[in-house]
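Q: Attaching a single structure in structure tokens format; questions to follow.
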């Protein structure tokens, strides 16, 4: 699964970092449209997770969902090559993210089922590190293409075209090499609960964590808006891509150590600290004015995302058993995804109407409150 995620991110991170630049410079839209598109994409990629997670629990063959999800995303990326208006980008991004929704919870359940609880944080960290290694390679390939074909419309579309190759290789890798962990006889014969019963079976600790995560998601706007912020202060496309590579290098390097740290000291404390770190990052983007400051903030942002992507999933996997793991991971993704759309849209509107200080300041306050609330949750499954 790490190899699959590496190839997929080579493809995705060739394409997605330049979409906001393509929208603003080629199609001529503002930050509010970028926020809308990315908010819709982030929400759709998560809203259906709860159902696909449950169906993978029910069916028991999680690999089928993983193949379908990666395959759909690969096919729909081809539409970016021909898009001429922002509404087409909105539709393509939204439908492409449906593929992510199909695959994410079953994939994470396969990873959780393949590892022991005491090493689960490190395992998810390893997967994120391999995933993010692809995110380092992708922008470098995009930069090489833009250098050869130019920074204009033809260069952007050439990047979109070449991004299809690693996406296709990822799907082939799943089909040929990914194997699900074997189930015990008891797991094979147990009766599967219906959808609402599965939700009711989730623990109160899980539900409290979900509430805090949703609160934090009100502040967690799309990374695309950070790219727009960097562009607004005069950073060139090439420099933004190089900075994005640095962000992904930091993300890749720190994912496994942060996951392993949560194995030792408890996941709750690592998650709470990451929320507070995000608040500081938002404050930093209010005052950023120089290229070196953008570089530093993107690097610190990589540390935050490493914790957010690795530790949260391990925390959830610790709370629930194998038979409920798909729906638990899916419910988390769906709940926070439901908040992403209004959060991105509101952030974009505040930015457009009141300016960057108000937008980033509001996000910082919400993130800080969420961090304090996370510290206050009772217990930690592995502390």
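The values are calculated or read from the model by the stated rules, or taken from the named source; none is laboratory data. This structure is a prediction, so every number in the text was calculated from the model and none was measured. As a convention, Cβ positions derive from the backbone with ideal geometry for all residues, glycine included, and neighbour counts pool all protein chains shown.
Q: Could you tell me whether the stretch 42-57 includes any residue that is over 16 Å from the mean Cα position of the chain (by Cα), outside any helix (DSSP H, G or I), within 24 Å of residue 123 (Cα to Cα) and at pLDDT below 85?
A: There is no residue in the stretch 42-57 that is over 16 Å from the mean Cα position of the chain (by Cα), outside any helix (DSSP H, G or I), within 24 Å of residue 123 (Cα to Cα) and at pLDDT below 85.
Q: Here's another thing I want to ask about it. Which one of these is within 26 Å of residue 175 (Cβ to Cβ) and more than 21 Å from the chain's Cα centre (by Cα): 132, 147, 115, 104?
A: It is 115.
Q: While we're here: Modelled with pLDDT of 85 or more and either assigned to a helix (DSSP H, G or I) or under 14 Å from residue 12 (Cβ atoms) (or both), is that true of residue 128?
A: no
Q: Would it be correct to say that residue 377 is touching a helix residue (DSSP H, G or I) at 6+ places or on another chain (Cβ under 8 Å) and surrounded by fewer than 20 Cβ atoms within 10 Å (Cβ to Cβ)?
A: The answer is yes for residue 377.
Q: Tell me whether the stretch 146-156 contains one or more residues that are farther than 27 Å from residue 250 by Cα and crowded, with 17+ Cβ neighbours inside 10 Å.
A: For the stretch 146-156, residues farther than 27 Å from residue 250 by Cα and crowded, with 17+ Cβ neighbours inside 10 Å: present.
Q: State the number of residues belonging to the stretch 134-160 that are touching a residue at least 60 places away in the same chain (Cβ under 8 Å) and over 20 Å from residue 77 (Cβ atoms).
A: Of the residues in that region, 3 qualify.
Q: Please specify each residue of the stretch 71-85 satisfying the condition of being surrounded by fewer than 21 Cβ atoms within 10 Å (Cβ to Cβ) and assigned to a helix (DSSP H, G or I).
A: Result: 71, 72, 75, 76, 78, 79, 81, 82.
Q: Here is a follow-up. As an exercise: evaluate residue 325 against (1) within 17 Å of the chain's Cα centre (by Cα); (2) at pLDDT below 85 and give the number of the one condition it does not meet.
A: Single failed check for residue 325: (1).
Q: All but one of (1) in contact (Cβ under 8 Å) with a residue 60 or more places away in the chain; (2) farther than 15 Å from residue 15 by Cα hold for residue 84; state the number of the condition that does not hold.
A: The single condition residue 84 does not satisfy is (1).
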